[in-house]
1. Distance between the C-alpha centers of region 1-61 and region 127-173? Whole Å please.
2. Under a 5 Å amide H to amide H cut-off, with H placed in plane at 1.01 Å, what residues pair with S24 once short-range neighbours are removed?
3. Which ³J(HN,Hα) values in Hz, rounded to whole numbers, follow from the phi angles of region 116-125 under the Karplus curve 6.51 cos²θ - 1.76 cosθ + 1.60, where θ = phi - 60° and Gly and Pro get x?
4. May I ask for log10 I(q)/I(0) of region 91-162 at q = 0.22 Å⁻¹, from a Debye sum over the Cα atoms as equal point scatterers with solvent left out?
5. At D117 and T19, where each label point lies 7 Å from the Cα along Cα→Cβ, what is the point-to-point distance in nanometres?
6. Out of every Cα pair in the chain, what percent are spaced more than 28 Å from each other?
7. Just the number, please: carbon plus sulfur as a percent of the accessible area of region 1-48, 1.4 Å probe, no ligands or DNA/RNA counted.
8. All other residues with a Cβ under 15 Å from the Cβ of P90 taken together, and with Lys, Arg as +1 and Asp, Glu as -1, what is their net charge?
Amino acid sequence: IARGYRPSGVNFRPDNAETLTFESERSWNFELGFKSSWLDDRLGINFAAFYNPVKDYQVQEFDSTSFVPVGIANADARISGFELELRATPIPGLDITAGFGLADAEFTDFPDRPDRDGNALPFAPELTYNVGVQYRSPNGIFGRLELTGVGTTFFDEDNTLKQDPYAIVNARL
């Protein structure tokens, strides 16, 4: 359990006296999980579940026509989910890794903009995953192949600007 804090401040382009300042952001961060290692450290499994209610989450707002930053607003949010990591070394030099993350990050109360309640937080994909295989021979030759993926990611609080899910394959020799 941890307490998070981001200080309040003054907006650089306020529209009126109400938008001159923004509140400090506060959160409680609850996480429960385990890390394990079995078979002489040849197999490892890690798991974490988390829940983070955020009061006065600081949202960078942009002008809808020019995309110029206009200031920071506050809204309440909730972030919850889990992460799973697997690691195996079946033979010396060969490592297999995998990871999966699922997160639900959304606005719960956006003052003056109730149409945003329930929208996804910007830059918080719901899904992330990776799978990798690598081998390092005793004489130093190294090779790695991995797949990394990210689910839909929104870039604004209205959830109108988004990146569709994608995956990337990386290889190294």
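The values are calculated or read from the model by the stated rules, or taken from the named source; none is laboratory data. If you're wondering where the values come from, they're calculated on a predicted model, not measured in any experiment. As a convention, Cβ positions derive from the backbone with ideal geometry for all residues, glycine included, and neighbour counts pool all protein chains shown. Surface accessibility is based on the protein's heavy atoms, side chains included, excluding ligands, DNA and RNA. Shrake-Rupley method; radii C 1.70, N 1.55, O 1.52, S 1.80 Å.
1. First find each Cα centre; the distance between them is then 24 Å.
2. Amide H neighbours of S24: S8.
3. Each residue's phi maps through the Karplus curve to give 8, 4, x, 6, 5, 5, x, 6, 10, x Hz.
4. Log10 of I(q)/I(0), two decimals: -0.91.
5. That separation, rounded to one decimal, is 2.2 nm.
6. Here the long-distance tail beyond 28 Å is 42 percent of all Cα pairs in the chain.
7. Values: 2120 of 3820 Å².
So the carbon and sulfur contribution to the accessible surface is 55 percent.
8. Working: positive: R42, R87, R136; negative: D40, D41, D95.
Value of the local net charge: 0.
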